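Student: I have a structure I would like to understand better, so I am pasting it below and will then ask my questions one at a time.
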Amino acid sequence: MKVELIACSRPLPGQCGTVTNLIGVTPNPMRVIEQAASVCYDSKPDFWDFKIAHNCAKTGHLSVYEHIYFTFHIEGISRACLAQLTRHRHFSFSVRSQRYCDESHAEPILPTSTNEDQDGVIADAYDYAWDAYDRLIKDGVAKEDARMVLPNGAPTELYVSMNARALIEASHLRMCHRAQSEIRAMFNAMKYCLAVPSPEIAAMMVPQCEINPKYQYCTEGKSCGRHPRLQDLLATATQQQSEEADKK
Ligand SMILES: Cc1cc2nc3c(=O)[nH]c(=O)nc-3n(C[C@H](O)[C@H](O)[C@H](O)COP(=O)(O)OP(=O)(O)OC[C@H]3O[C@@H](n4cnc5c(N)ncnc54)[C@H](O)[C@@H]3O)c2cc1C
């Protein structure tokens, strides 16, 4: 899998505080959020600590995070992973077309959870599928129809763009340990790409259970066990309340 950030919002020089374009000085996209958010409170933007933007995040006023955009180039993920990614309705996509592109000799994606023997089973199934694809193409079947035999593990390449809010909120779902390892790895790679150009947004890309570092809990029914389940915490609190009421 290859994930690279190819573009992100940049404040223009002279806008959003003093931003120089000298080599080595990269304008932080957070400045745009800080500038936009400051108008809500008639406040002076803090282009050093981004206090207003951070407070907006704390209080759930996340619409101000819709002002900045990121574009990623992604290669070597499976069509199964693509199907999951495209469920995020605020993301914009350009994907390699199986209708127009020749998919012969494509290197399929193997899951990370399988052992060597299981990989052999998967490789055999892939060989069979690609052999059928090649035979259909040779027989004059259109690529858009021949692709029907290709597996979920067929690789793809795409460009995907989204605003920071959409990225942060999708991360809460896809970085959860209950999400599949491939899409989890992809979101971790996106977070890694943002570490330098936009460290504040990278820091906000966490699983749902870690949004608030002080109160970590899992909202899933079946938890991975890293943090207590919200329903168990509430049950314990209710039990304690009724025990205290009984004592009185
Ligand atoms: C671990 C895991 C397992 C999953 N398993 C399945 C599965 O078995 N089957 C399946 O079909 N899907 C499954 N999904 C996909 C899931 O149901 C969502 O489609 C996906 O996570 C996108 O989330 P979303 O719809 O909240 O957000 P997005 O599409 O990213 O939208 C973000 C937010 O915008 C708002 N929004 C967007 N569109 C609308 C709208 N039309 N109306 C109102 N509000 C809107 C909502 O607040 C939404 O949360 C799974 C996801 C995960 C993370």
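Student: Is it true that His90 is open to solvent by 30 Å² or more (accessible area, probe 1.4 Å), at pLDDT below 95 and either not charged (D, E, K, R) or not assigned by TED's automatic domain parsing to the domain that holds Glu34 (or both)?
Tutor: On the way: open to solvent by 30 Å² or more (accessible area, probe 1.4 Å): yes; at pLDDT below 95: no; either not charged (D, E, K, R) or not assigned by TED's automatic domain parsing to the domain that holds Glu34 (or both): yes.
Taking the combined requirement at face value, the residue does not satisfy it.
Student: Being away from the ligand (no atom under 16 Å from the Cβ), in contact with a Gly (Cβ under 6 Å, 6 or more places away or on another chain) and touching a residue at least 24 places away in the same chain (Cβ under 8 Å), is that true of even one residue in the stretch 107-126?
Tutor: Taking every residue of the stretch 107-126 in turn, at least one turns out to be away from the ligand (no atom under 16 Å from the Cβ), in contact with a Gly (Cβ under 6 Å, 6 or more places away or on another chain) and touching a residue at least 24 places away in the same chain (Cβ under 8 Å).
Student: Within the stretch 133-143, identify whether any single residue is more than 16 Å from the ligand (Cβ to nearest atom), at pLDDT 90 or above and under 19 Å from the mean Cα position of the chain (by Cα), and answer yes or no. Walk me through it before giving the result.
Tutor: The initial filter retains those residues of the stretch 133-143 that are more than 16 Å from the ligand (Cβ to nearest atom), namely 133-143.
Pick out the ones that are also at pLDDT 90 or above and you get 133-143.
In the following step, the residues that additionally are under 19 Å from the mean Cα position of the chain (by Cα) were identified as none.
Checking the stretch 133-143: not a single residue is more than 16 Å from the ligand (Cβ to nearest atom), at pLDDT 90 or above and under 19 Å from the mean Cα position of the chain (by Cα).
Student: Looking at the stretch 117-157, which of its residues are open to solvent by 40 Å² or more (accessible area, probe 1.4 Å) and assigned to a loop (DSSP other than H, G, I, E, B)?
Tutor: Residues satisfying the conditions are Asp139, Gly140, Val141, Ala142, Asn152.
Student: Could you tell me which numbered condition Gly60 fails, if it satisfies all but one of (1) small (Gly, Ala, Ser); (2) away from the ligand (no atom under 16 Å from the Cβ); (3) more than 18 Å from Met190 (Cα to Cα)?
Tutor: (2)
Student: Identify the residue in the stretch 161-190 that is basic (Lys, Arg) and under 8 Å from the mean Cα position of the chain (by Cα) and, among all such residues, is nearest to the ligand (Cβ to nearest atom). Before you say what the answer is, go through the steps one by one.
Tutor: Here is the first cut: in the stretch 161-190, the residues basic (Lys, Arg) are 165, 174, 178, 184.
Going one step further and asking which of them are under 8 Å from the mean Cα position of the chain (by Cα), we end up with 174, 184.
On the way: Arg174: 6, Arg184: 9 Å.
Among residues in the stretch 161-190 that are basic (Lys, Arg) and under 8 Å from the mean Cα position of the chain (by Cα), the one nearest to the ligand (Cβ to nearest atom) is Arg174.
The values are calculated or read from the model by the stated rules, or taken from the named source; none is laboratory data. In this text, all values refer to a predicted model and were calculated from it rather than measured experimentally. Quick reminder, even Gly has a Cβ in these numbers, built from the backbone with ideal geometry, and neighbours come from all protein chains shown. All accessible areas refer to the heavy atoms of the entire protein, side chains included, with ligands and DNA or RNA removed. Shrake-Rupley method; radii C 1.70, N 1.55, O 1.52, S 1.80 Å.
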